[in-house]
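Below: the structure, in structure tokens.
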Amino acid sequence: MSQRTALYDKHLEANGKIVDFAGWEMPINYGSQIEEHHQVRNDAGMFDVSHMVVVDLEGPRVREFLQHLLANDVAKLKEPGKALYSCMLNEAGGVIDDLITYFITDDFFRMVVNAATRDKDLAWIKQHAADFDVVVTERPELAMIAVQGPNAREKAMQALTEGQARQATELTPFKGGFIGPYFIARTGYTGEDGFEIMISNDEVAAFWDQLLSAGVKPCGLGARDTLRLEAGMNLYGTDMDETTSPLESGLGWTLAMVPEDRNFIGRQALEEKKRAGNLKKFVGLVLETRGVLRGHQKVVTDDGQEGEITSGTFSPTLQKSIAMARVPATIGDHCHVEIRGKLLPARVVKMPFVRHGKSLID
Amino acid sequence: MSNIPSELKYTKSHEWISDNENGTVTVGITDHAQELLGDLVFVEQPEVGKELEAEEACAVVESVKAASDIYAPLAGEVVEVNEKLEDEPELINSDPYGEGWLFKMKLADPDSLESLLSADDYAAEADQ
């Protein structure tokens, strides 16, 4: 059954072209996906991300619980408000979901998980939370807007009161806090500065209008995808899933293997995979000719081995096609990608492709 | 509803065909098609001189979202392609019936034009 966020009418007002996304009626664009992309790279854009799932975790043993549940270590969260990106793994080391966890107080953490994985995530979290007496509460009454771009914070603060804006100014990257009726965090999924702002469904439409007045332009899921790909950020279900481990998805940096006695779910499987070796590599590709890289296209290395593109697109910032790919570890600086029967040359690069509006690819 | 000029012919697969009245036709994609595809970023054209069969996949247009095949509306030979699209594929979005044309072909049978859809027929198709 199809669901709508509290901003659905606002999307129609802004001429949003509505598509189904994980059971939600969401705007793919409001006219031009490419213009929206540039809007975020050059100024400020906003995304309705209310379909994402906010889950509050409460109890005296919540930190201990998260140290068991997540592959990254919430021990890294020392200051209240700090956020941590992590994978939640199954016993086999496959990725159930990737998510963000905010440390609010010693007995209260807030988590944001993907909409498409809501049911299995909640079931998994609740199943394990029981052992730690942690209370799991979904917060569907909260809407969420991501305001992103070099001018995003400044413009978003125009929609806040002076006192609220002062508090928001103090948020350092990857930190959030309760400010007035909002939960504001300096996080995002575009490679630009900005805020992700939670507010109740009842109040979000008025806040959206204030952001519009401040010159923040609505941007759809289409631009969100090209922005995150340029920023080298994985998309769950496309770049990794339950059949792939973070080790082969470019997410090794999110795995906290130290301290060695922290027995998180999936740890043993990861250690076995590392011991067994022969892991695939997760790389960025830049197509050297015209054309567009897409998910599932075949990658051929110079020594004749094969890999696969997990997600690809045309990069509006670079004006070239870029992709993420899972490939044999022997891959060199160059490879070929098969597009409609032809092998086209591509360069193997380190991600991200773009950060803070600047190309990182020469 | 999108723009469907009455003087053109159409296919079910969203190509438009303009009769140049010299045995050749110009082919492009409709306003409705470009709207469905979103921002176009790449066009792969057929080779000039290539003999096409009716309904043969002969070109590809790619938007940020996806790649779509373009089908030869009728049998004939490709006599010219719109080279401007190589650098400016977005012309298909901004002017689908004008500067965004794809290619011209010399029809094997000039009478075959009659078999294509009229603007009204296409409007009914696109509505479904």
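Only one of (1) farther than 30 Å from B:L40 by Cα; (2) crowded, with 23+ Cβ neighbours inside 10 Å fails for A:D131. Which number is that?
Only one criterion is unmet by A:D131, namely (2).
Condition (residue is surrounded by fewer than 20 Cβ atoms within 10 Å (Cβ to Cβ) and small (G, A, S)) applied to the range A:37-51: is it met by at least one residue?
No, because not a single residue in the range A:37-51 is surrounded by fewer than 20 Cβ atoms within 10 Å (Cβ to Cβ) and small (G, A, S).
State all residues of the range B:70-97 that are closer than 20 Å to A:T289 by Cβ and not hydrophobic (A, V, I, L, M, F, W, C); if no residue qualifies, say none.
Within the range B:70-97, B:N82, B:E83, B:K84, B:E86, B:D87, B:E88, B:P89, B:E90 qualify.
For A:D119, which of the numbered conditions (1) touching a residue at least 24 places away in the same chain (Cβ under 8 Å); (2) under 19 Å from the mean Cα position of the chain (by Cα) fails to hold?
Exception for A:D119: condition (1).
Exactly one of (1) open to solvent by 50 Å² or more (accessible area, probe 1.4 Å); (2) within 11 Å of chain A (Cβ to nearest Cβ); (3) more than 22 Å from B:P5 (Cα to Cα); (4) touching a strand residue (DSSP E or B) at 6+ places or on another chain (Cβ under 7 Å) is unmet by B:E90. Its number?
B:E90 satisfies all of (1) open to solvent by 50 Å² or more (accessible area, probe 1.4 Å); (2) within 11 Å of chain A (Cβ to nearest Cβ); (3) more than 22 Å from B:P5 (Cα to Cα); (4) touching a strand residue (DSSP E or B) at 6+ places or on another chain (Cβ under 7 Å) except (3).
Could you give every pair whose Cβ atoms fall below 6 Å, whose first residue belongs to the range A:145-172 and is in contact (Cβ under 8 Å) with a residue 24 or more places away in the chain and over 10 Å from A:V216 (Cβ atoms), and whose second residue is among the small types (G, A, S) and open to solvent by 10 Å² or more (accessible area, probe 1.4 Å), counting only separations of at least 6 or pairs across chains?
Note: pairs meeting the criteria are A:A146/A:G188.
Would you mind telling me which numbered condition in (1) assigned to a loop (DSSP other than H, G, I, E, B); (2) more than 14 Å from chain B (Cβ to nearest Cβ); (3) over 22 Å from the mean Cα position of the chain (by Cα) A:V292 fails?
Failed condition: (2).
Can you tell me which residue in the range A:330-350 is nearest to the other protein chains (Cβ to nearest Cβ), limited to those that are open to solvent by 50 Å² or more (accessible area, probe 1.4 Å) and either assigned to a loop (DSSP other than H, G, I, E, B) or of a type in the set (S, T, Y) (or both)?
Across the range A:330-350, the extreme among qualifying residues is A:R340.
Given the conditions (1) free of Cβ contacts under 8 Å to residues at least 60 places away in the same chain; (2) open to solvent by 20 Å² or more (accessible area, probe 1.4 Å), which single one is not true for A:K217?
Just one mismatch for A:K217, condition (1).
Could you check A:V283 against (1) within 14 Å of chain B (Cβ to nearest Cβ); (2) within 23 Å of the chain's Cα centre (by Cα) and say which number it fails?
(1)
Of everything in the range A:86-106, what is of a type outside the set (S, T, N, Q), outside any strand (DSSP E or B) and over 25 Å from A:G177 (Cβ atoms)? Give them in sequence order.
If the condition is that a residue be of a type outside the set (S, T, N, Q), outside any strand (DSSP E or B) and over 25 Å from A:G177 (Cβ atoms), then A:E91, A:A92, A:G93, A:G94 are the ones that fit.
Restricting the first residue to the range A:290-310 and requiring it to be open to solvent by 70 Å² or more (accessible area, probe 1.4 Å), which pairs with a second residue that is not in a strand (DSSP E or B) meet a Cβ separation below 7 Å and a spacing of at least six or different chains?
A:D302/A:G332; A:D303/A:T330; A:Q305/A:P328; A:Q305/A:T330; A:E308/A:H296
Could you tell me which numbered condition A:I34 fails, if it satisfies all but one of (1) within 14 Å of another protein chain (Cβ to nearest Cβ); (2) farther than 26 Å from A:D193 by Cβ; (3) of a type in the set (A, V, I, L, M)?
(2)
Quick check on the range A:191-201. Is at least one of its residues under 24 Å from A:A22 (Cβ atoms), open to solvent by 10 Å² or more (accessible area, probe 1.4 Å), away from chain B (no Cβ under 14 Å) and more than 20 Å from the chain's Cα centre (by Cα)?
Yes, the conditions are met somewhere in the range A:191-201.
Do you know which residues across the range B:56-79 are among the charged types (D, E, K, R) and within 13 Å of chain A (Cβ to nearest Cβ)?
Residues satisfying the conditions are B:E62, B:K65, B:D69.
Does A:S245 qualify as being away from chain B (no Cβ under 14 Å) and crowded, with 19+ Cβ neighbours inside 10 Å?
yes
Identify the residue in the range A:53-74 that is of a type outside the set (K, R), outside any strand (DSSP E or B) and open to solvent by 40 Å² or more (accessible area, probe 1.4 Å) and, among all such residues, is farthest from A:G188 (Cα to Cα).
Checking each candidate, the answer is A:P60.
Can you list residue pairs whose Cβ atoms sit under 6 Å apart, with the first residue in the range A:313-329 being away from every other protein chain (no Cβ under 14 Å) and the second being assigned to a loop (DSSP other than H, G, I, E, B)? Count only pairs 6 or more apart in sequence or on different chains.
From residues that are away from every other protein chain (no Cβ under 14 Å), the pairs are A:M324/A:D239; A:R326/A:K280; A:P328/A:Q305.
List the pairs whose first member sits in the range B:22-41 and is away from every other protein chain (no Cβ under 14 Å) and at positive phi, whose second member is in a loop (DSSP other than H, G, I, E, B) and at pLDDT 95 or above, and whose Cβ atoms are under 8 Å apart, counting only residues at least 6 apart or on separate chains?
none
As an exercise: evaluate A:V258 against (1) open to solvent by 40 Å² or more (accessible area, probe 1.4 Å); (2) of a type in the set (A, V, I, L, M); (3) touching an Asp or Glu at 6+ places or on another chain (Cβ under 7 Å) and give the number of the one condition it does not meet.
So the condition that A:V258 fails would be (3).
Please work out if B:V61 is part of a strand (DSSP E or B) and open to solvent by less than 20 Å² (accessible area, probe 1.4 Å).
On the way: part of a strand (DSSP E or B): yes; open to solvent by less than 20 Å² (accessible area, probe 1.4 Å): yes.
Here the answer is yes, as B:V61 does meet what is asked.
Would you mind stating whether A:A206 is farther than 30 Å from B:P89 by Cα and at pLDDT 95 or above?
On the way: farther than 30 Å from B:P89 by Cα: yes; at pLDDT 95 or above: yes.
In short, yes.
Any idea how many residues of the range A:10-29 are outside any strand (DSSP E or B) and in contact with a helix residue (DSSP H, G or I) (Cβ under 7 Å, 6 or more places away or on another chain)? Talk me through it step by step, then tell me what you get.
Narrowing the range A:10-29 to residues outside any strand (DSSP E or B): A:10-16, A:22-23.
Those still in the list that are in contact with a helix residue (DSSP H, G or I) (Cβ under 7 Å, 6 or more places away or on another chain) too: A:10.
Here the count works out to 1.
The values are calculated or read from the model by the stated rules, or taken from the named source; none is laboratory data. Here the structure is a predicted model, which means the values were calculated and not measured. All Cβ positions, even for glycine, are placed from backbone atoms using ideal geometry, and neighbour counts span all protein chains on display. Keep in mind that these areas ignore ligands, DNA and RNA; they rest on the heavy atoms of the full protein, side chains included. Shrake-Rupley method; radii C 1.70, N 1.55, O 1.52, S 1.80 Å.
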